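These notes are about the structure you will find just below.
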Amino acid sequence: MKKATLFLSALLTLVAVSTATFAQDGPRGQRPQGDRPAFERPNLKPTLFANLGDECYTPDGMTVSDETGMLYLNVPNFGRMDDKMVKADSAQGGYLYEVDKDGKATRVLEYPVSEKTGQAGPMGLDFGPDGNLYVCDNQYFHNKDFCSRILRVIFKDGKPTQEVQVVIEGVKLANGMSWYQDKLFYTDSCFDIDTEGDEIIGSGGVFMFSADEVTKAGKDGEPAIQIKAGPDDPHCVAYVKVQKLGRGDNTGPDGICVDKNGTVWFGNFGNGYLYCLRPNDAGEYKRENVENVFDALNQRVREQGPNVGMKLECCDGIFYDKDLDCVYIDDSVGNAVWMFKPCEKGQTVRPVVMWTNDDNDGADGSFDQPCEACVYAGKLLLVNFDWPFPGMKNTKVDPPGTISAIDYAEVEKFVRIMERFQGPRGPREGRANARGDRPRGQRGDRQQGDRPRGQRRGDRPSEG
Ligand SMILES: [Ca+2]
Ligand SMILES: [Ca+2]
Ligand SMILES: [Ca+2]
């Protein structure tokens, strides 16, 4: 009798625990299967964090100062350019802003223009070990002849001075930037070489410089470092080509971030391919160690409900969240933010959509071509580039510039749930193939829910 009661009690406890777990997992108490999260994610709906005012059309890179906790935002203002690629007023319009925790944005610097182009295009930025701010100055839209630069904004007592120095010259399209310990990494999105017929339409890379080299250059009588960007430069630690996909955009590496293990993650703007570069045992970054961790052409269609059929075909800025050990991807084309967990060597990652919305002006905080992310003021911030290219959800420039925000507590809940499906189980694609090898009739019905009706495993996008 006593034994039976104990057994019953244990059973009831087990049922209660299981139910609680399932209730957390998804709607109607169902346990999600495979990579199916809750169908809708109203708790992740972005709200307006900052209205950047009338002089800010096209905001881009963001970084937070470790020293003061202040958010810094670069604004290249490409959206103000006329058909001759000249900005609409006498000011060249490349600005640096401080954005406080309430979303109040204050312009603190107007970048000096390039002598060759008369323009400034400040994009990715990050603080160096010397406490100064390093900046990708993208001149590609004004002049494709290696006019882009890496700049240094001198900081004193945690505040920017008006002094800006040129550190590296000869870059093609300087885009994303990340410092990791004593190394500076940045992406160059367009080498404009090695295109092959209709299939391979672009190329680009990742460059690495030591702090020793970079922090001395361009000051105290030292000249700027001169390179000619391309795979032949010894600083080029990753060289990738862009396979035509979707819109047929030829832009290569854009977003870049470095995780807690020193692994560099980056992705192509033009087609959404994702890569990583792990340091070898000697701590060196070698081009032969670049791994393709997301094959955008052969991606499985996932999601249900409103996101059905959505694919990742654009990687703009990316951000590593060290607290949750995950990476957020800004998808400029799809007006979306995606998340993935870093994978082990030889595996692939599985990006999942957090939020996407249709074309709109961004005034209510909805996405208007998100391009960079960071965690700040208890929120995941996504800044909206709002300078569309053909084939994007965003169709027109409608200032003012905006920063969207997603409640970080909700982001954390989402990532905790999703990481159960993103763990070290090996590549999803590999498992799908293994299932496909089985004789017909042996597949479980359950697994068919993983993809929308009418789509077969291995289907490729019809476009491209
Ligand atoms: Ca970018
Ligand atoms: Ca817009
Ligand atoms: Ca807008």
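Readers should treat all values here as calculations from the given coordinates under stated rules, not as data from a laboratory. Keep in mind the model is a prediction, meaning the values are calculated, not measured. A quick note on method: Cβ atoms are made from the backbone with ideal geometry, for glycine too, and the neighbour counts reach across all protein chains shown.
Identify the trypsin sites (Lys or Arg not before Pro) of the range 188-292 meeting these criteria: DSSP loop state and at most 14 other C-beta atoms within 10 Å of the C-beta. Show your work: numbers first, answer last.
Numbers: sites: K216, K219, K228, K241, K244, R247, K260, K286, R287; in loops: K219, K228, K244, R247, K260, K286.
Sites meeting the loop and neighbour criteria: K228, K260, K286.
Take the alpha-carbon positions of the range 37-437, form their convex hull, and give its projected area averaged over all directions (one quarter of the hull surface) in nm². Before the final figure, lay out the partial values.
Details: hull surface 76.1 nm².
So the Cα hull casts an average projection of 19.0 nm².
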The answer for the net charge of residues other than S148 whose Cβ lies under 9 angstrom from its Cβ, with Lys and Arg +1 and Asp and Glu -1, is -1
Can you tell me which lysines have their Cα less than 26 Å from the Cα of K84? Leave out same-chain residues fewer than eight positions away. K116, K144, K172, K228, K393, K396
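Classify the range 339-379 as rounded, prolate or oblate, taking a ≥ b ≥ c as the square roots of the eigenvalues of its Cα gyration tensor: rounded when a/c is under 1.5, otherwise prolate if a/b is larger than b/c and oblate if not.
Since a/c reaches 1.5 and a/b is larger than b/c, the shape of the range 339-379 is classed as prolate.
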Based only on other Cβ atoms within 10 Å, what is the fewest-to-most ordering of E67, E98, E115, E412? E115, E67, E412, E98
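Could you work out how much longer the chain between D198 and M85 gets when fully extended? Use 0.36 nm per residue separation minus the Cα distance between them, nm to one decimal.
Details: separation 113, 0.36 × 113 = 40.68 nm, distance 2.80 nm.
My answer for the length gained is 37.9 nm.
May I ask for the net charge around L324, where only other residues with Cβ less than 10 Å from the Cβ of L324 are counted and Lys, Arg are +1 while Asp, Glu are -1?
Working: positive: K322, K341, R416; negative: D321, D323, D325, E412, E419.
In short, -2.
Give me H235, H142 ranked fewest to most by other Cβ atoms within 10 Å of their Cβ, as a rough exposure proxy. Don't jump to the answer; show the numbers that get you there.
Numbers: H235 19, H142 24.
In increasing order of surrounding Cβ atoms, one gets H235, H142.
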Given Cβ point charges of +1 (Lys, Arg) and -1 (Asp, Glu) and nothing else, what value in debye, to the nearest 20, does the dipole of the range 37-437 about its Cα centre take? 940 debye
In percent, how large is the relative contact order of the range 37-437, given Cα pairs closer than 8 Å and 6 or more residues apart? 15 percent
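Taking the Cα centre as origin and putting +1 on Lys and Arg beta-carbons and -1 on Asp and Glu beta-carbons, what dipole magnitude results for the range 83-142, to the nearest 20 debye? Spell out each step's value before the answer.
Details: 6 positive and 10 negative charges, 36 e Å.
Charge dipole of the range 83-142: 180 debye, to the nearest 20.
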Looking at N298, V113, Q369, which one has the Cα that reaches farthest to the positive end of the dipole of the range 37-437 (charges on Cβ: Lys, Arg +1; Asp, Glu -1)? N298
Taking other Cβ within 10 Å of each residue's Cβ, how do L324, L173 sort, fewest first? L324, L173
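Could you give the length gained by full extension between S210 and A409, i.e. 0.36 nm per residue of separation minus their alpha carbon distance, to one decimal place?
Gain on extension, S210 to A409, equals 68.0 nm.
Quote the FRET efficiency, to the nearest 0.05, computed for R420 versus D325 with a Förster distance R0 of 22 Å and r equal to the Cβ-Cβ distance.
Working: r = 14 Å, r/R0 = 0.62.
After rounding, the FRET efficiency stands at 0.95.
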Restricting to lysines and to Cα separations under 18 Å from K341, and discarding same-chain partners fewer than 8 apart, the set is K260, K311, K322, K413
Projecting each Cα onto the charge dipole of the range 37-437 (Lys/Arg +1, Asp/Glu -1 at the beta carbon, about the Cα centre), which of F319, P42, P59 comes out farthest on the positive side? P42
